[in-house]
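Some notes on the structure that comes next.
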Amino acid sequence: MSEHGTGRPSADGHNSDRHNSDGHGGDRHGGDGHGTDGHGAAGPRPGHEPFGVAGPREQPGAGAGPWLEQHVEELGRALARLRASAPVLHRWGAELAGVLAGGGRLLAAGNGGSAAEAQHLTAELVGRFVGERRPLSAIALHADSSSTTAISNDYGEAEVFARQVQAHGRPGDVLVLLSTSGRSPNVLEAAARARAGGLRVWALTGPAPNPLADLADEVVAVEAPSTSAVQEGHLVLVHALCAGVDSALAATQDVAGTARAASTTRGVAETPPSAAEPAQEDAGTSAQTRDDEQTAVVSTGGERPRRRRRVVVVGDVVLDRDLEGVVERVAPDAPVPVVDLRSRTESPGGAGLTALLVAAGTGGRGQEAEPVDVVLVAPVGDDEDGQRLREALAASGTGLELVALPHTGGTRTKTRVRAAGQSLVRLDSGGPGTPSAPDLDELRAVLARADVVLVSDYGAGTTHDPGVRALLGAAAAAVPVVWDPHPRGGEPVHGCALVTPNHAEAARTLGGAPRADDAAGALARRWAARGVVVTVGERGAFLGHPGGEPTYVPAPAVAGGDPCGAGDRFAATAALALARGAVLPEAVVEAVADASAWVGDGGASGWRSRRAARTPAAAGSGLRPRASRPGAAGTTVGHRPEDAAGVIARTRAAGGVVVATGGCFDVLHAGHVGCLEAARQLGDALVVLVNSDASVRRLKGEGRPVQTQADRVHVLEALESVDAVAVFDEDDPRAALAVLQPDVWAKGGDYGTTELPEAALVRGWGGRVVLLPYLDGRSTTEILRRGAPAAAVLDQEKR
């Protein structure tokens with residue numbers, strides 16, 4: 001058995017997909033039957049045993065006895081090799097169980113004998129494999145003879161499966177393709193179409209490498225010398241996958257029901273908030289009993305009391321150790337600095353740091369945070385460093401509850417040697433830190449009481465555990481799950497509210513070097529997440545959805561600082577925002593601001609130093625006031641206005657990126673300024689398209705605009721972020737955009753997932769559309785409404 005990652009079909013794949021011309025077995029699409037495999041050759045491929053070609057004892061007239069004797073031997077060798085694929089099939093089963101439990105579906109396809117195996121898989125899922133369970137959504141694409149013949153006749157054989165994938169598949173679904181040769185054109189086209197649509201593609205093939213193995217997300221290849229042995233190996237793998245699905249579903253069958261029961265016990269006001277709707281509180285809510293434990297209630301003066309939210313953090317913990325010193329000389333025996341140690345600090349790291357940040361809370365918009373209950377679920381070792389880690393968590397003063405899973409190996413430690421505020425070297429030890437036989441019943445009970453789940457993956461193996469993954473998948477169907485991924489960790493389960501990779505992690509997952517805004521949308525489709533936010537360091541973050549345009553959130557400027565732990569701060573703030581009922585863009589805006597402040601305050605080392613010194617900031621979250629929040633600044637003047645066409649020509653001549661945005665800008669306010677500043681950060685020049693007076697009047701009604709277009713243009717040209725302004729008379733900017741053809745079209749984020757009328761036009765010349773967040777409470781209409789009473793009084797006084 002061999003596994004292969006993502007990739008592209010081999011360049012010569014089309015030469016090996018010719019129809020068999022000998023009239024013998026095979027599927028006539030590349031050979032998944034019991035004859036040739038589509039090579040049309042009698043000899044073996046270089047480096048492989050003969051495959052799909054009759055062996056010495058398979059020649060006509062050899063007889064059933066000799067054939068069976070040889071076949072049993074080769075099948076035994078092939079099946080023995082498949083034992084190594086057990087972890088892969090177990091993981092597939094857990095992931096597929098999460099997809100199906102969350103309302104997704106499985107699609108399966110193959111040709112000839114592989115079609116039978118694919119249909120066998122869907123039958124086991126829709127019916128049952130061993131034990132009783134609910135039917136699962138699974139479709140065999142080749143089983144609909146009317147569709148397959150109609151598509152083949154109208155669109156060609158290569159489209160037979162691909163068109164059905166496009167019709168039935170949804171982002172996050174799974175497509176399983178079976179092919180003994182891995183070269184069938186219709187199977188390869190289906191794989192390409194599925195990946196483009198955000199489906200996950202798993203392949204069962206014969207010996208690799210082959211084009212399907214290169215094109216699929218993951219593959220299990222059966223190394224056997226004959227087509228029949230490969231297909232029989234595929235049947236064993238199909239049954240193993242079904243066993244993995246049933247095992248994962250059995251582990252999760254009570255999670256959603258327990259969560260609903262707990263929610264019912266807590267009352268209507270106790271319903272966990274979603275990422276899309278604020279939590280509604282009941283006037284009569286007081287202290288509630290929650291699964292036999294008394295839960296604290298938040299009370300703020302005369303406001304109605306509310307139950308404290310519970311955030312469960314699941315992940316990998318490490319012991320962070322900082323050795324601080326001074327460097328005054330170089331070692332005589334090597335060209336290295338000599339560090340004279342002055343202090344030593346230790347603190348929980350990884351998911352431990354994340355949990356402490358959640359427990360400390362965030363001010364959020366400059367206000368005091370509502371306290372939350374935090375439960376940390378992570379493998380913790382029984383060695384000396386593991387005990388120090390437990391003691392540090394217990395002594396944090398946050399009331400954090402630890403649910404320690406069994407731990408493999410020594411406790412992971414990260415020791416940083418630092419001087420003058422800089423890390424000189426980091427020493428890692430311990431591990432691997434994977435959970436060993438975790439108590440899934442205990443984890444199920446903990447997740448059932450969560451309002452929000454935060455997965456803090458540090459690559460030690462917690463997110464690879466099939467039982468843990470299955471429970472997290474079930475939790476994602478019940479409450480918001482925030483997933484902070486790691487390159488060595490498991491991929492996020494489907495249905496997460498928010499996934500938070502950085503740009504490098506996103507590129508590694510997708511392959512190549514995608515733009516951050518494209519990556520956010522692609523990963524949201526791949527993981528069937530409500531949102532994926534790709535962070536881009538000091539530039540901020542891009543929030544993508546399975547449908548709609550990405551939203552760009554710029555970061556406040558920070559001088560210097562240390563980015564260590566910024567991802568933990570980001571994820572913690574996002575989880576806290578969702579726990580109180582914020583929508584995704586609000587959560588991301590707060591997370592970007594808090595992560596920037598964290599960097600400016602010295603990162604994780606600065607936070608640990610403040611805690612060790614027990615300063616007032618030690619009990620806080622490492623945040624500073626948000627005076628520098630995007631959009632809060634005023635205007636600056638002094639640059640000379642320039643013609644829009646001239647700005648575009650100059651910028652493109654220098655190889656720069658032209659950004660355009662538009663609007664009425666009738667009463668310029670902080671929300672406008674913030675959007676314009678954010679738009680300018682997307683490129684090298686910003687052109688603002690402004691509705692003319694007549695256009696504003698048609699859109700807003702009589703009495704608007706309150707400022708003439710000349711005044712509006714003059715004010716916009718005075719902003720440092722604006723390079724040029726152009727006026728258009730139409731009701732929408734499509735005609736002006738067609739002339740200017742900017743590289744980026746940026747619009748305020750109040751459009752959500754609604755398709756902008758001009759989006760298709762912009763994409764037509766290779767441009768991209770990006771949404772920008774508005775500042776809360778900033779609206780021209782609302783400003784004018786508030787000013788109306790004062791205007792009426794002044795008018796009366798004049799009379």
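FYI, it's all coordinate maths here, none of it is from the lab. Only a predicted model underlies this, so the values are computations on that prediction, with no experimental measurement involved. Here the Cβ is made from the backbone with ideal geometry for all residues, glycine too, and neighbour counts use every protein chain on show.
The figures follow:
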item: Cα gyration tensor shape of the stretch 53-189, rounded if a/c is under 1.5, else prolate or oblate by comparing a/b with b/c; result: oblate
item: Gly350 long-range amide H proximity, modeled H, under 5 Å; result: Val318
item: Stokes-Einstein translational diffusion, the stretch 81-130 - Kirkwood Rh over all Cα pairs, 0.890 mPa s, 25 °C, in µm²/s; result: 201 µm²/s
item: Whole-angstrom gap from the stretch 176-212 to the stretch 418-433, using each part's C-alpha centre; result: 43 Å
item: Inter-label distance for Val425 and Ala64, nm, one decimal - labels placed 7 Å from Cα along Cα-to-Cβ; result: 7.3 nm
item: Segment Glu73-Thr415, extension gain: residue separation times 0.36 nm, minus the distance between their alpha carbons; result: 117.7 nm
item: Note, ³J(HN,Hα) from phi for the stretch 592-603, Karplus 6.51, -1.76, 1.60, rounded to Hz, x at Gly and Pro; result: 4, 5, 5, 5, 5, 4, 4, 4, x, 8, x, x
item: Residue among Ser396, Gly459, Pro438 farthest towards the positive dipole end of the stretch 358-471, charges placed on Cβ; result: Gly459
item: Net lengthening on full extension, Arg128/Asp729 (0.36 nm per residue, minus Cα-Cα); result: 210.0 nm
item: Theoretical FRET efficiency, 1/(1+(r/R0)^6), r = Cβ-Cβ of Arg508 and His239, R0 41 Å, to 0.05; result: 0.80
item: Placed amide H near Val727: partners under 5 Å, 5+ positions off or other chain; result: Val690
item: Karplus 3J(HN,Hα) series, Hz, for the stretch 465-480 with 6.51 cos²θ - 1.76 cosθ + 1.60 (x for Gly, Pro); result: 5, x, x, 5, 4, 4, 5, 5, x, 5, 5, 5, 7, 10, 9, x
item: Estimated distance in nm for a label pair at Ser147 and Ala86, the labels positioned 7 Å out from Cα along Cα-to-Cβ; result: 3.7 nm
item: Among 332-341, 704-713, 514-523, 573-582, the order from most to least packed when residues are scored by Cβ within 10 Å on average; result: 573-582, 514-523, 704-713, 332-341
item: Inter-site label distance for Val583 and Glu755 at 7 Å from Cα along Cβ, in nm; result: 2.1 nm
item: Size of electric dipole in the stretch 415-456: Cβ of Lys, Arg +1 and of Asp, Glu -1, about Cα centre, debye, nearest 20; result: 360 debye
item: Binned Cα-Cα distances of the stretch 341-490, short to long, each 10 Å bin given as a whole percent; result: 10, 37, 36, 15, 3, 0
item: Amide H partners (placed H, <5 Å) of Val313, local residues excluded; result: Val375, Leu376, Val377, Leu454
item: Dipole in debye (nearest 20) - the stretch 391-440, about Cα centre, beta carbon charges: Lys, Arg +1; Asp, Glu -1; result: 400 debye
